[in-house]
Amino acid sequence: MTLATGNILDAVVSHVLNLGRFERVNEHEPKNAPGSGLTCSIVVARIGPIPASGIASTSARIEFTMHLFASMAAASDDLVDRQLIAVLDELFAAYTAEFTLGGLLRMVDVLGAYGTGLEATAGYLNSGGADYRVLTITLPVIVNDLWEQTA
């Protein structure tokens, strides 16, 4: 048994790409201004065992941080939040509908059974002289039996 974080990250990225709503989807934080369209960055934030592990194996919680960026100059001020909330709504709907990333996960920890649950926090970012509205999503996932326990 080995940690399938790479496969899980690939599945999260593929899901976001398949929405077709983003100009770019990164597996890193942008080093430059994100651009004029919607941008999503996805990174691993935390990994750790959970108490609901089995007798011979350890299950884990993997927390991803997703940033959704929208340029404040690309749309009228009244439309920026509406645009981000519409995409957030699509993501949260998928993550709460028994979302298992094709069977890679036990579950998305929507309600926070093993830590912070699925949530989004709004904020702003200035990058390269441009202002962006940002939604930061905490995406916690639970994965069964990642590490074998031996005596």
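The residue of the stretch 75-110 that is nearest to residue 39 (Cα to Cα), among those that are of a type in the set (Ser, Thr, Tyr) and surrounded by fewer than 16 Cβ atoms within 10 Å (Cβ to Cβ), is 76.
Restricting to the stretch 57-99, count the residues that are charged (D, E, K, R), part of a helix (DSSP H, G or I) and touching a residue at least 40 places away in the same chain (Cβ under 8 Å). It would help to see each step written out before you state the result.
First, the residues of the stretch 57-99 that are charged (D, E, K, R): 61, 63, 77-78, 81-82, 89-90, 98.
Those left that are additionally part of a helix (DSSP H, G or I): 77-78, 81-82, 89-90.
If we keep only those that are touching a residue at least 40 places away in the same chain (Cβ under 8 Å) as well, we get 81, 90.
Looking only at that region, the number is 2.
Residues are listed down the side, and each one gets a yes or a no for (1) closer than 16 Å to residue 15 by Cβ; (2) in contact with a helix residue (DSSP H, G or I) (Cβ under 9 Å, 6 or more places away or on another chain); (3) at pLDDT below 85; (4) of a type outside the set (Ser, Thr, Tyr):
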site	(1), (2), (3), (4)
65	yes, no, no, no
74	no, yes, yes, yes
83	no, no, no, yes
92	yes, no, no, yes
114	no, no, no, no
136	no, no, no, no
140	yes, no, no, yes
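Within the stretch 40-61, is even one residue surrounded by 13 or more Cβ atoms within 10 Å (Cβ to Cβ), touching a Pro at 6+ places or on another chain (Cβ under 6 Å), among the aliphatic types (A, V, I, L, M) and within 15 Å of residue 104 (Cβ to Cβ)? Yes; the residues of the stretch 40-61 include at least one that is surrounded by 13 or more Cβ atoms within 10 Å (Cβ to Cβ), touching a Pro at 6+ places or on another chain (Cβ under 6 Å), among the aliphatic types (A, V, I, L, M) and within 15 Å of residue 104 (Cβ to Cβ).
Within the option set 128, 115, being out of contact with any strand residue (DSSP E or B) (no Cβ under 9 Å at 6 or more places or on another chain) and surrounded by fewer than 19 Cβ atoms within 10 Å (Cβ to Cβ) holds for one residue only, 128.
Considering each residue of the stretch 14-23 in turn, none proves to be of a type in the set (Asp, Glu), part of a loop (DSSP other than H, G, I, E, B), exposed (fewer than 14 other Cβ atoms within 10 Å of the Cβ) and without any contact (Cβ under 8 Å) to a residue 40 or more places away in the chain.
The values are calculated or read from the model by the stated rules, or taken from the named source; none is laboratory data. In this text, all values refer to a predicted model and were calculated from it rather than measured experimentally. As a convention, Cβ positions derive from the backbone with ideal geometry for all residues, glycine included, and neighbour counts pool all protein chains shown.
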